[in-house]
1. Rg/Rh for the chain to two decimals, with Rh computed the Kirkwood way over all alpha-carbon pairs.
2. Please report, in debye to the nearest 20, how large the charge dipole of the chain is about its Cα centre when each Lys and Arg carries +1 at its beta carbon and each Asp and Glu carries -1 there.
3. For M36 and L4, calculate 0.36 nm times their separation in residues minus their Cα-Cα distance, and state this gained length in nm to one decimal.
4. Per DSSP helix of 4 or more residues, -39500 (n - 2.57); summed, then divided by the residues of the chain. What does that give at 222 nm, rounded to the nearest 500?
5. With unit charges on the beta carbons (Lys and Arg positive, Asp and Glu negative) and the dipole taken about the Cα centre of the chain, which residue among Q25, L8, N37 sits farthest to the positive side?
Amino acid sequence: MTELEKKLMKQIEHLTIQNEKQAKQIEQLINQLTNMNRRLFGTSSEKNP
C-alpha cells in the first residue's frame, strides 16, 4: 500500500468514527425531543398520525 493509500485509509477510519458518534448524538436528541413532545402533548406522535 502506498503512503497516500495509508493516509486515506486513516482518514476514512477517522470519519467513520466521527459519523458513528454523531449518529449516536442525533439518536439521543431525537429521544429527548420525543420525550419532550410526550410531556407537552401527553401522547406519542405514533398514536396520532
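Here, each number is a calculation from the coordinates, and none is a lab measurement. All values derive from a computational prediction rather than experimental measurement. When we count neighbours, we look across all protein chains shown, and the Cβ atoms used for this are built from the backbone with ideal geometry, even at glycine.
1. On the way: Rg = 19.2 Å, Rh = 13.6 Å.
Answer for the chain: 1.42.
2. On the way: 8 positive and 6 negative charges, 52 e Å.
With only Lys, Arg, Asp and Glu charged at Cβ, the dipole is about 240 debye.
3. On the way: separation 32, 0.36 × 32 = 11.52 nm, distance 4.74 nm.
Computed gain between M36 and L4 is 6.8 nm.
4. Numbers: 1 runs with 39 residues, N = 49.
That calculation yields -29500 deg cm²/dmol at 222 nm.
5. N37
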